[in-house]
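Down below is the structure, laid out as structure tokens.
The values are calculated or read from the model by the stated rules, or taken from the named source; none is laboratory data. Quantities reported herein were computed from a predicted structural model and do not represent experimental measurements. Cβ placement follows ideal geometry from the backbone for every residue including glycine, while neighbour counts extend to all protein chains displayed.
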Amino acid sequence: MNICVIGTGYVGLVTGACLADAGHSVICVDKDAEKIGLLKKNKTPIYEPGLSSLLRKNSIDFKTEIDREAVASDVFIIAVGTPPNQSDSRPNLSFVYDAADELGKKLGDLKGKAYKIVIIKSTVPPGTTSRVKKMILKELKHKKNIKLDIVFNPEFLREGSAIKDTLYPDRIVLGIESERSAKILKKLFKSFVKQENPAFLLTDIPSAEMVKYASNAFLATKISFINEIAYLCELAGANIDGVSKGIGMDKRIGKAFLNAGLGYGGSCFPKDTKALDHLAGDHGHVFHLLKAVIDVNNMQKKRFLHKIQKVLNGVENKTIGLLGLAFKQDTDDIRESIAIDMIDSLIERGAKIKAHDPLAEKKAREFFSGREKNIVFCDSPYEAAKGSHALIIATEWESFARLDLSKMRKTMKKPVIFDGRNLLDPQKVKNKGFAYHAVGGHERG
Ligand code: UGA
């Protein structure tokens, strides 16, 4: 099929690359000329395992506008960002509406009969997709030659495993308004996902829009729940590792997203939980559980900071090695990263930071530009540990679990580790002569 993807973030680019790899003719459009310039030169603007090679292998057309060639596509996928507003953290839908506006205008210029499907993949509150359709129809001036169907197809890919998640989805949710579009899209999805019989859920559009928010909110709930249990473990003399395993072995609960730590970050969970909370409020409902999930997440980092300050007897004029800047492993994304938050709080309290991350240093440097006197970026974890009064693990990079602790200990001022992601083996760390502090009662473990 001829497919036009609007937006070249994680979702748009990965979707476009996977579609092209399955033999579809793909055009990716983004207003960001710098990004498009990079992509045209075969450079990937974001880090995502496997994405560069997929983009190199397939020929995708990159454009800054929906031109004549792009508007001739059969299917349009809108995958632009819906970042939170600075003022009230409601989702900013202007990029979705701008894309709809441009698409409507361009479709309006088409001569001859055509059937077009517009898929919204951006995360949007229920009602938005229908509004987008109305906007496009308005631009089309209800011309009879264009038949248009709109579909909401929530995206469930995770950064760091985006291609795998796209090719092997647990489910494909299609919020549809016509059988015709459902039939075409089922065929389209079957052409690129790697499962024999992918699990489809066909539903109405507002329900599909809600599935996305509810899924992210539920996963965030699991994380905040396990973080609360972890705190209780610390108070009651239990250890979260065993508790988390014990809970997760129940198939009804499942073991995923039960890793206690510093809380959730990234461009999705913080944004989507707040958006859902606003949505509830707009309908006159107080979503108590979700409010608690958000509160617990904010509290979690404060609890850890408190622990650090207590153990170190304050952090003023102390040098702290900090491992991990990205919001999670396998990405260079620092949006809403707890690690960055943690650095801010430590600097505010007078600490000097020596930070290392396998991928996110460039973005973190940009973030801290102008404040370089309090933070040094290091090429290796060993460099970050050198001369430090303590080492904090803030991101769950797997490579941090294999550090040569003896080597580190020799160069540190004090052998203290704060493991904010419960990544290390407590006993091994203690055997190497470190004081070890983690989340959820490892001190006793
Ligand atoms: C999340 C969802 O998992 C995806 O399904 C969804 O498509 C995506 O948001 C989105 O809406 O676009 P992502 O934010 O990329 O994906 O990353 P996750 O792996 O879900 O991690 C989110 C945060 O939760 C990270 O900060 C991670 O450290 C934290 N986390 C995750 C925990 O603290 N504990 C866990 O057990 C799991």
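Tabulated results
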read-out: Subset of the range 337-379 (residues that are at pLDDT 95 or above, part of a helix (DSSP H, G or I) and of a type in the set (D, E, K, R)); value: Asp341, Asp344, Glu348, Glu361, Lys362, Lys363, Arg365, Glu366
read-out: Criterion: charged (D, E, K, R), touching a Gly at 6+ places or on another chain (Cβ under 6 Å) and over 16 Å from Ile176 (Cβ atoms) - qualifying residue of Glu196, Glu234; value: Glu234
read-out: Test result for Ser59, in contact (Cβ under 8 Å) with a residue 24 or more places away in the chain, surrounded by 16 or more Cβ atoms within 10 Å (Cβ to Cβ) and not in a helix (DSSP H, G or I); value: no
read-out: Qualifying positions in the range 63-97 - within 23 Å of the chain's Cα centre (by Cα), part of a helix (DSSP H, G or I) and not hydroxyl-bearing (Ser, Thr, Tyr); value: Phe95, Val96
read-out: Residue that is closer than 28 Å to Ser244 by Cα and touching a residue at least 24 places away in the same chain (Cβ under 8 Å), where the choices are Ile375, Ile340, Ile347; value: Ile340
read-out: Residue list for the range 99-140, filter: touching a Ser or Thr at 6+ places or on another chain (Cβ under 8 Å) and β-branched (Val, Ile, Thr); value: Ile117, Ile120, Thr123, Val124
read-out: Scan of the range 130-162 for residues that are among the charged types (D, E, K, R) and within 16 Å of the ligand (Cβ to nearest atom), ordered by number; value: Glu155, Arg158, Glu159
read-out: Residue among Ile163, Ile172 that is at pLDDT 95 or above and in contact with a Pro (Cβ under 6 Å, 6 or more places away or on another chain); value: Ile172
read-out: Counted residues, the range 264-277 - those being assigned to a helix (DSSP H, G or I) and polar (S, T, N, Q); value: 1
read-out: Residues (acidic (Asp, Glu), away from the ligand (no atom under 11 Å from the Cβ) and in contact with an Asp or Glu (Cβ under 9 Å, 6 or more places away or on another chain)) located in the range 329-363; value: Asp332, Asp357, Glu361
read-out: When residues of the range 109-146 are limited to those that are in contact (Cβ under 8 Å) with a residue 40 or more places away in the chain and closer than 16 Å to Ala70 by Cβ, the one surrounded by the fewest Cβ atoms within 10 Å (Cβ to Cβ); value: Lys116
read-out: Residue within the range 278-298 that is of a type in the set (Phe, Trp, Tyr) and not in a helix (DSSP H, G or I) present; value: yes
read-out: Hits in the range 43-56 (condition: surrounded by 14 or more Cβ atoms within 10 Å (Cβ to Cβ) and touching a residue at least 12 places away in the same chain (Cβ under 8 Å)); value: Thr44, Pro45, Ile46, Tyr47, Glu48, Pro49, Gly50, Leu51, Leu54, Leu55
read-out: Conditions (1) crowded, with 20+ Cβ neighbours inside 10 Å; (2) within 16 Å of the ligand (Cβ to nearest atom): number failed by Glu398; value: (1)
read-out: Residues (at negative phi, more than 12 Å from the ligand (Cβ to nearest atom) and small (Gly, Ala, Ser)) located in the range 188-242; value: Ser191, Ala199, Ser207, Ala208, Ala236, Ala238, Gly242
read-out: Single unsatisfied condition, Val439 versus (1) part of a loop (DSSP other than H, G, I, E, B); (2) surrounded by fewer than 18 Cβ atoms within 10 Å (Cβ to Cβ); (3) within 16 Å of the ligand (Cβ to nearest atom); (4) not acidic (Asp, Glu); value: (2)
read-out: Hits in the range 272-323 - residues which are touching a strand residue (DSSP E or B) at 6+ places or on another chain (Cβ under 6 Å) and either without any contact (Cβ under 8 Å) to a residue 40 or more places away in the chain or within 24 Å of Met210 (Cα to Cα) (or both); value: Ala275
read-out: Residue count for the range 163-181, restricted to those that are in a helix (DSSP H, G or I) and either within 12 Å of the ligand (Cβ to nearest atom) or surrounded by fewer than 17 Cβ atoms within 10 Å (Cβ to Cβ) (or both); value: 5
read-out: Selection count, the range 413-436, where residues are surrounded by fewer than 23 Cβ atoms within 10 Å (Cβ to Cβ) and under 20 Å from Glu316 (Cβ atoms); value: 4
